[in-house]
1. Between Thr217 and Ala33, what length in nm is gained on full extension when 0.36 nm per residue of separation is reduced by their alpha carbon distance?
2. Taking 2.2 N^0.38 Å as the expected size of a compact globular protein, what ratio does the Cα radius of gyration of segment 122-247 give against it, to two decimals?
3. Roughly what would the spin-label model give for Leu54 and Lys145, points 7 Å off Cα along C-beta, in nm?
4. When only C-alpha pairs under 8 Å and at least 6 residues apart count, what is the relative contact order of segment 186-270, in percent?
5. Which residues in segment 135-164 place their backbone N less than 15 Å from a point set 7 Å from the Cα of Ala95 along the Cα-to-Cβ direction?
6. List the relative contact order of the chain as a percent without decimals, with contacts defined as Cα pairs under 8 Å and 6+ residues apart.
7. Within segment 214-246, name every residue whose backbone N is under 17 Å away from a label modeled 7 Å from Cα of Arg65 along the Cβ vector.
8. List the relative contact order of segment 78-166 as a percent without decimals, with contacts defined as Cα pairs under 8 Å and 6+ residues apart.
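Read-outs: derived from the displayed coordinates by stated rules, not from any lab. Values in this document were obtained by computation on a predicted structure and should not be read as measured data. For neighbour counting, all protein chains shown are included, and Cβ atoms are generated from backbone atoms with ideal geometry for every residue, glycine included.
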Amino acid sequence: MERPNWAPGDIDLERPSVARVYDYWLGGAHNFAADRVVAQKTLETMPELRGVVLNHRAFLRRAVRYLLGRGVRQFLDLGSGIPTVGNVHEIAQAADPGARVVYVDVDPVAVAHSRSLLGGNDHVSVLQADVRDWAGVLASDEVDKQLDFDEPVAVLMIALLHFVPDEEDPWGIIGGYRDRLSPGSFLALSHPGYESDEETEASRQARKIYDRDVVRTTFRDPTEISRFFGGFSLVEPGVVRVPAWHPESPADVEVAGRSFPGFAAIGRKA
């Protein structure tokens, strides 16, 4: 296929990527045919998947507003993806133009578009890095420029950790970030998963397609997700279905919240 003028020259157009498949589900335009094929296959198997993805994005917006209300003005958005409406800096800087954000993603398209979008915004930096390399991320010039770890920082992991299997020690990765944070800092995360024996056949088939064609995923239950908050105190209401975390309408809880395939929570470092 012809390479779009926005695509970095060193990426494989035939290999689907996490960020670009997600961009397609969100209704974005920065994806390739290979991304669209696998994204559409999963949607045909599990049509509600697009709504699931949009709910994770909505949780990000609610989480940032909550954290702003708790006085946080610094954000480290890990696995930030391709820019779309309602990015962290847009929400944070609408409340305080001095709010600072570092976006981190390994996908070159996500990074290129983030840098293009944010040119001239001195309070936002974009880092291309693997978020599993917490030491490298924290030692980067981008983080050093924007974030003062003597003050509260919010670490955001939205729909991210299901890409990190148990054998890669996601708890240790979180611990690396946590140990750098000052008291009063926060961890906000959302994570696909179910209670035991709750997953539908449609979900299993969609995961099979995604795991084969993009990358392997690990779904976790609320108990496993709670373990990510070691060293943090969960804020109310704890680990709940994504739409049920500080919902914007009763319908979020009454309809989507009862069986939603994913959970969310925020924790505060004492």
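1. Details: separation 184, 0.36 × 184 = 66.24 nm, distance 2.18 nm.
Value of the extension gain: 64.1 nm.
2. Working: Rg = 16.1 Å, N = 126, 2.2 N^0.38 = 13.8 Å.
Cα Rg divided by the expected 2.2 N^0.38 Å: 1.17.
3. Roughly 3.5 nm, to one decimal.
4. Details: 115 pairs, mean separation 38.3, N = 85.
This gives 45 percent for segment 186-270.
5. Answer for segment 135-164: 152-156.
6. Working: 473 pairs, mean separation 49.7, N = 270.
Across the chain, relative contact order equals 18 percent.
7. Only 237, 242-246 fall inside the zone, counting backbone N under 17 Å.
8. Relative contact order for segment 78-166 comes out at 31 percent.
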